[in-house]
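Structure first, then comments.
The values are calculated or read from the model by the stated rules, or taken from the named source; none is laboratory data. As the structure is a prediction and not an experimental result, all values here were calculated from the model. Note that each Cβ is placed from the backbone with ideal geometry, even for glycine, and that neighbours are counted across all protein chains shown. Note: accessible area is taken over every heavy atom of the protein model, side chains too, but ligands, DNA and RNA are not part of it. Shrake-Rupley method; radii C 1.70, N 1.55, O 1.52, S 1.80 Å.
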Amino acid sequence: MGRWMKPEVYPLVGAMAFVTSMCIFQLTRNVFLNPAVRINKSDRSQAVLENYEEGEKYAEHGLRKFLRTRPPEVMPAINHFFSEDK
């Protein structure tokens, strides 16, 4: 980077870059996929959009469908290790 940045600052820069990229991803996803965001002039002129199918598709995305079939455990191996009867 240069002489003006100390090596102790690198993890902070990495964490901030990661969080900033997550924010940019979410904002971009909302602008292009959220049915409540209206970019077209014709869509903005309508007071209420009748787009229930599009809203359902946005709310029930692939990750949510995948996680519904999984057990609600973060670390299953550790959970089984500590919950076993000995």
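Given a 1.4 Å probe and the protein chains as shown, ARG70 ends up with an accessible area of around 130 Å².
Screening the chain for DSSP H helices whose Cα atoms reach 30 Å or more along their own axis and whose mean Kyte hydropathy is at least -1.0 gives 10-33.
A 1.4 Å probe, protein heavy atoms only, puts the accessible area of PHE25 near 140 Å². Using equal-weight Cα scatterers in the Debye expression, the normalised intensity of the chain in log10 at q = 0.14, 0.18 Å⁻¹ is -0.83, -0.94. For GLU73, the solvent-accessible surface computed with a 1.4 Å probe is close to 70 Å², ligands and nucleic acids excluded.
Lys and Arg at +1, Asp and Glu at -1: add these up for the other residues within a Cβ distance under 14 Å of ARG64 and post the number. In short, +3.
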